[in-house]
Amino acid sequence: MLSLLLQIQAPPSNLPFLYAALAVSWAIFFLYAFWISRRQEELKKEIRELREYLDHRES
Amino acid sequence: MSVRYGLLGLAMVLMLADLYLISMVAPTDSVLGHVQRIFYFHVPIAVISFLAFFLVFLASVVYLVRRTPVWDRMARSSAEVGVVFVTLALLTGVIWARPVWNTWWTWEPRLTTTLILWLIYVAYLMIRSYAPNRQKGALYAAVVGIVGFVDVPIVYYSVIWWRSIHPSPVVGPLAGADALNPTMLLVLLFSFFTFLVFFIYLTVERMALGEAEEDLLEARFAIRRAEG
């Protein structure tokens, strides 16, 4: 009887849904932050190369 | 650079503390169970996406008045980060809806208006990509950034304007004084702060990326000019 009452009153855990929401959130945030950081490095490298090319041309 | 690293470090520490508070300190909801803990990041993410679009609105107005590139860069950065946040608000909402409403998606007012919000700001980003030049792209996008913001209050008030199965707001003018118990409120406020710091970090980084993109365009232009 007690176990039946506990089954009725205990809220459902649905933990996989909680883990899925957490995983999706942090994965997308970190992927986006990683993409920004990587793109910044690529652009900095390209700008440096173009400036060196310009300096070389002018000299 | 050190400020950006500082923000990233602070965001990381806050995220770990937030995860601890969400899983260990926040009480388990007596009706929904553990899945209700999605609330502590679903709500802050959604509200911060509104903040992002408000920044797009403000920066767009200032850009149209002053035409200085820094405001356009700010509007673009906020819009892109805002799209990431609203995408996550939709995804976490969908994951939460499945066990609670027994469906992944339903065309009810809050979900539908949020999807429209997502489409507006995806269109905002697309307009920039497809515009004939950078100045025109910035101009068209500023207009969309101002007009598109109209959907934000519609999303917020949708749960009282139309019949909705979505819960009523727990923050802002529509929130009741006793909408949350004190522990839940404390964890929610901490989550807000955590995601706000992360939002600031992402926006600052995206603005730096925008500046680098502009520098690159200038360098390419200088080379073309030098080569005649």
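Each reported figure results from applying straightforward, stated rules to the coordinates on display, with no laboratory input. Fair warning: this is a prediction, and the values are worked out from it, not measured in the lab. In this analysis, Cβ positions are derived from the backbone assuming ideal geometry, glycine residues included, and neighbour counts consider all displayed protein chains.
Between helix B:39-66 and chain B there is an angle of about 30 degrees, using the helix long axis and the longest principal axis of the Cα atoms.
By the beta-carbon count within 10 Å of each Cβ, the least crowded to most crowded order of A:Y19, B:Y157, B:Y5, B:Y40, fewest first, is B:Y5, A:Y19, B:Y157, B:Y40. Kirkwood's formula applied to the C-alpha pairs of the range B:7-134 gives a hydrodynamic radius of 16.7 angstrom. Over the range B:81-228, Cα pairs under 8 Å with separation of 6+ residues give a relative contact order of 20 percent. Running a GNM on chain B with Cα contacts under 10 Å, which residue among B:D151, B:D72, B:D29 ends up with the highest mean-square fluctuation? Result: B:D29 has the largest fluctuation of those listed.
Evaluating 6.51 cos²θ - 1.76 cosθ + 1.60 at θ = phi - 60° for every residue in the range B:121-137, the Karplus couplings come out as 7, 5, 4, 4, 6, 5, 4, 4, 5, 9, 5, x, 8, 5, 5, 5, x Hz, glycine and proline recorded as x. Think of each Lys and Arg Cβ as +1 and each Asp and Glu Cβ as -1; about the Cα centre, that makes the dipole of the protein assembly as shown roughly 400 debye. Here is the P(r) of the range B:18-60: all C-alpha pair distances, binned every 5 Å from 0, give 6, 20, 20, 16, 12, 10, 8, 6, 2 in whole percents. Arranged from fewest to most other beta-carbon atoms within 10 Å of their beta carbon, B:W118, A:W26 become A:W26, B:W118. Among B:S78, B:S158, A:S37, the ranking by other beta carbons within 10 Å of each residue's beta carbon, starting with the fewest, stands as A:S37, B:S158, B:S78. With unit charges on the beta carbon (Lys/Arg positive, Asp/Glu negative), name the residue among B:P173, B:F193, B:T106 whose Cα is farthest towards the positive pole of the charge dipole of chain B. Checked the options; the winner is B:T106.
With all pairs of different C-alpha atoms in the average, the Kirkwood value for the hydrodynamic radius of the range B:111-228 is 18.1 Å.
Across the range A:16-32, coupling constants 3J(HN,Hα) worked out from phi with the 6.51/-1.76/1.60 Karplus curve, θ = phi - 60°, read x, 5, 5, 4, 4, 5, 5, 4, 4, 4, 5, 4, 5, 4, 6, 4, 5 Hz, and Gly and Pro carry x.
Centroid-to-centroid, using Cα positions, the range B:89-161 and the range B:20-36 are 29 Å apart.
In a simple Cβ point-charge model (Lys, Arg +1; Asp, Glu -1; nothing else charged), chain B has a dipole of about 480 debye relative to its Cα centre.
Highest mobility in the GNM of chain B, judged by mean-square fluctuation with C-alpha springs under 10 Å and restricted to B:E205, B:E213, B:E80, is found for B:E213. The C-alpha atoms of chain B define a longest principal axis, and helix B:151-161 lies at about 20 degrees to it. Shielding by partners for peptide A:23-34, expressed as the average number of C-beta atoms from other protein chains within 10 Å of each residue's C-beta, is 5.
According to the Cα-based calculation, Rg over Rh for chain B is 1.03, with Rh computed by the Kirkwood formula. Dividing the Cα radius of gyration of the range B:65-151 by its Kirkwood radius returns 1.09 for Rg/Rh. Every Cα-Cα pair in the protein assembly as shown was counted, and those over 26 Å apart are 51% of them.
Globularity index of the range B:26-100 is 1.47 (Cα radius of gyration / 2.2 N^0.38 Å, N = number of residues). Once the Cα atoms are used to define both axes, helix B:69-101 deviates from the longest principal axis of chain B by about 30 degrees. Across the options B:I45, A:L18, B:Y140, the greatest Cα extent toward the positive end of the charge dipole of the protein assembly as shown (unit charges at beta carbon of Lys, Arg, Asp, Glu) belongs to B:Y140. Converting phi to 3J(HN,Hα) with the Karplus coefficients 6.51, -1.76 and 1.60 and the offset θ = phi - 60°, the range A:33-41 yields 4, 5, 4, 4, 4, 5, 5, 4, 5 Hz in sequence order, with x at every glycine or proline.
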